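The values are calculated or read from the model by the stated rules, or taken from the named source; none is laboratory data. None of the values given here were measured: they were computed from a predicted structure. In this analysis, Cβ positions are derived from the backbone assuming ideal geometry, glycine residues included, and neighbour counts consider all displayed protein chains. When the accessible area is computed, the model is the full protein with side chains, heavy atoms only, and any ligands, DNA or RNA have been set aside. Shrake-Rupley method; radii C 1.70, N 1.55, O 1.52, S 1.80 Å.
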Amino acid sequence: MSRVLVVSVEPPWPAQHGGRIRTARVAEALGRQGELLVAFPDHGRREPDPPVQTHPLPWSAPSALRTRISGRPHLGGHYLAPVADSLDALCARFRPDAVYWSHSYLAAWAPPATRRVPNVVEFANVERHRLRTLTASTRGWQRMARGAEAAKAGFWEPRVAARAAFCVALSRPDQTVLREWSDAVVLAPNGVDRWPYRPSPPDGYVLALASYDYEPNVRALRALIRDVWPLVRAESPEARLVIAGRRSEALAPEFATVAGVTVLGTLDDVSEAYAAAAVTVAPATTGGGSQLKLTESLSRARTVVMSPFAASGLPDAVRDAGAHRVGAEPPSFAAAVVDALRNVPARHEREHAGWRGCAALGWSRTLGGMVDAVADLASRRVVS
């Protein structure tokens, strides 16, 4: 039986938000093919009885200076530098036939033992592109620091891709970029968990569900409330905006006096938040290119009003389903939200179309090619 070691930035379970959901479904799929172990820096909440074997690695925050002056990514060093020796020792004991890195910036800090077996690297984003969008949206020392990280990505990212046994892309645009660096690229877009079809309530609210410990989401939400929400309320004074997701409670004081806005905070289960929503919003204009929350909303039969940036990361299966609306500027974004709130029959048609389109996005389908490729890679090493 082949063995695969998955290295993640955090415990995948409980799978409550985009990053954890993706890693959890990858690990569960790979675990059905052979022996699997998931290793991660030991920080944050983790499930006491996960569906596959896990190994938390003792972690404490490293010196930011060390990771900033390195030619490797600061983010990867933040997570992996403190656990490199522990991960090397674990790899020597577990003796995997392949190592699966959940993020390319982790693979850039791969310790020696993990580099002696075939590496599969998932590019959750093309980091040089993501960092450039973040650089353009900031000023001062942050702009300088992010500009430096983007420049470093131009060095380490192609080398990580070239060194990998194969790379995993989440979108076709990212796949095109990765093929410039590697001859072995597998497309494995985000999938969805299938939910029963339940139409949105006629009097539902606007839901902004995201991880708000990620700066692009916070920036986008602030812009939405500043530029879009007053236009929505001017047309629909009864409209309500509900903010939920990881660390959203930190934003509650900031929006306490904004009419029609409620902050739910971090949720253990997002089902009730979706059930009471009429429409969801995805206003991000910077960051990564494939947002799992888009397909999650569609799979829960909720239409999404999104920015052009967010729409660029939609999977092919739902891109032309007519289930989402795109607003490039505040007036068009607000108009799409108001129309979704008011025109209930049209909204239900869109959300049902999106829900049907998600039938092609079950995780077993979207991850199937990647799982087969990892299994083949690992089995060839076992035979040899």
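Among the listed residues ALA317, ALA301, ALA321, identify the single one that is on the phi < 0 side of the Ramachandran plot and not in a helix (DSSP H, G or I). First the steps, then the outcome.
Numbers: ALA317 fails: not in a helix (DSSP H, G or I); ALA301 fails: on the phi < 0 side of the Ramachandran plot.
Every option except ALA321 fails the conditions.
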Q) Within region 103-113, which residues are surrounded by 24 or more Cβ atoms within 10 Å (Cβ to Cβ) and either over 29 Å from ARG172 (Cβ atoms) or in contact with a Ser or Thr (Cβ under 7 Å, 6 or more places away or on another chain) (or both)? A) none
Q. So which residues in region 310-334 are of a type outside the set (Asp, Glu), open to solvent by 10 Å² or more (accessible area, probe 1.4 Å) and free of Cβ contacts under 8 Å to residues at least 60 places away in the same chain?
A. ALA311, ALA317, ARG319, ALA321, GLY322, HIS324, ARG325, VAL326, ALA328, SER332
Q) Looking at region 14-30, which of its residues are in contact (Cβ under 8 Å) with a residue 60 or more places away in the chain and part of a loop (DSSP other than H, G, I, E, B)? A) PRO14, GLN16, HIS17
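Might you let me know whether region 362-378 holds any residue that is of a type outside the set (A, V, I, L, M), outside any helix (DSSP H, G or I) and either closer than 18 Å to LYS293 by Cα or modelled with pLDDT under 95 (or both)?
Checking region 362-378: at least one residue is of a type outside the set (A, V, I, L, M), outside any helix (DSSP H, G or I) and either closer than 18 Å to LYS293 by Cα or modelled with pLDDT under 95 (or both).
Take the conditions at pLDDT below 95 and over 17 Å from the mean Cα position of the chain (by Cα) and apply them to ALA15. Does it pass? Spell out the reasoning first.
Numbers: at pLDDT below 95: yes; over 17 Å from the mean Cα position of the chain (by Cα): no.
No; evaluated as a whole, the condition is false for this residue.
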(Q) For the list (1) among the polar types (S, T, N, Q); (2) crowded, with 20+ Cβ neighbours inside 10 Å; (3) outside any helix (DSSP H, G or I), I need the number of the one condition that GLN33 fails. (A) (2)
Q: Consider ALA148 carefully, then state whether it is modelled with pLDDT under 95 and either of a type in the set (Phe, Trp, Tyr) or open to solvent by 20 Å² or more (accessible area, probe 1.4 Å) (or both).
A: yes
Q.
Quick check on region 41-95: of everything there that is assigned to a helix (DSSP H, G or I), open to solvent by less than 50 Å² (accessible area, probe 1.4 Å) and not hydrophobic (A, V, I, L, M, F, W, C), which residue is farthest from PHE155 (Cα to Cα)?
A. SER86
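Mind checking which helices (runs of 4 or more DSSP H) fall wholly inside region 106-224 and carry at least 1 residues that are more than 21 Å from THR366 (Cα to Cα), touching a residue at least 12 places away in the same chain (Cβ under 8 Å) and of a type in the set (A, V, I, L, M)? Quick ask: steps written out before the conclusion?
On the way: elements: 112-115, 127-136, 140-163, 172-178, 215-223.
Ranges flagged: 112-115, 127-136, 140-163, 215-223.
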Q: Output the residue which, of all residues in region 163-176 that are surrounded by fewer than 19 Cβ atoms within 10 Å (Cβ to Cβ) and more than 17 Å from ALA373 (Cβ to Cβ), is modelled with the highest pLDDT.
A: THR176
Q.
Condition first: out of contact with any helix residue (DSSP H, G or I) (no Cβ under 7 Å at 6 or more places or on another chain), in a helix (DSSP H, G or I) and open to solvent by 70 Å² or more (accessible area, probe 1.4 Å). Now tell me which residues in region 225-255 satisfy that.
A. ARG226, ALA234, GLU249, ALA250
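Can you find a residue in region 118-136 that is more than 22 Å from the chain's Cα centre (by Cα) and either within 30 Å of ARG3 (Cα to Cα) or modelled with pLDDT of 95 or more (or both)? Spell out how you get there, then give the answer.
So the first thing to find is which residues in region 118-136 are more than 22 Å from the chain's Cα centre (by Cα), and the list is 118.
Subsequent filtering for residues that are either within 30 Å of ARG3 (Cα to Cα) or modelled with pLDDT of 95 or more (or both) retains 118.
Within region 118-136 (the criterion being more than 22 Å from the chain's Cα centre (by Cα) and either within 30 Å of ARG3 (Cα to Cα) or modelled with pLDDT of 95 or more (or both)), the answer is yes, since at least one residue qualifies.
Of these, VAL279, VAL261, which one is touching a Phe, Trp or Tyr at 6+ places or on another chain (Cβ under 6 Å), over 20 Å from GLY19 (Cβ atoms) and not hydroxyl-bearing (Ser, Thr, Tyr)? I'd like the intermediate steps shown before the answer.
Numbers: VAL279 fails: touching a Phe, Trp or Tyr at 6+ places or on another chain (Cβ under 6 Å).
Among VAL279, VAL261, only VAL261 is touching a Phe, Trp or Tyr at 6+ places or on another chain (Cβ under 6 Å), over 20 Å from GLY19 (Cβ atoms) and not hydroxyl-bearing (Ser, Thr, Tyr).
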**Q.** Output for region 1-27, where each listed residue is open to solvent by 40 Å² or more (accessible area, probe 1.4 Å) and more than 20 Å from ALA107 (Cβ to Cβ)
**A.** MET1, GLN16
Q. In region 293-301, is there at least one residue being surrounded by 24 or more Cβ atoms within 10 Å (Cβ to Cβ), under 17 Å from PRO189 (Cα atoms) and small (Gly, Ala, Ser)?
A. yes
Q | Candidate set from region 324-355 (those that are basic (Lys, Arg) and in a helix (DSSP H, G or I)); member that is nearest to ARG240 (Cα to Cα) | A | ARG342
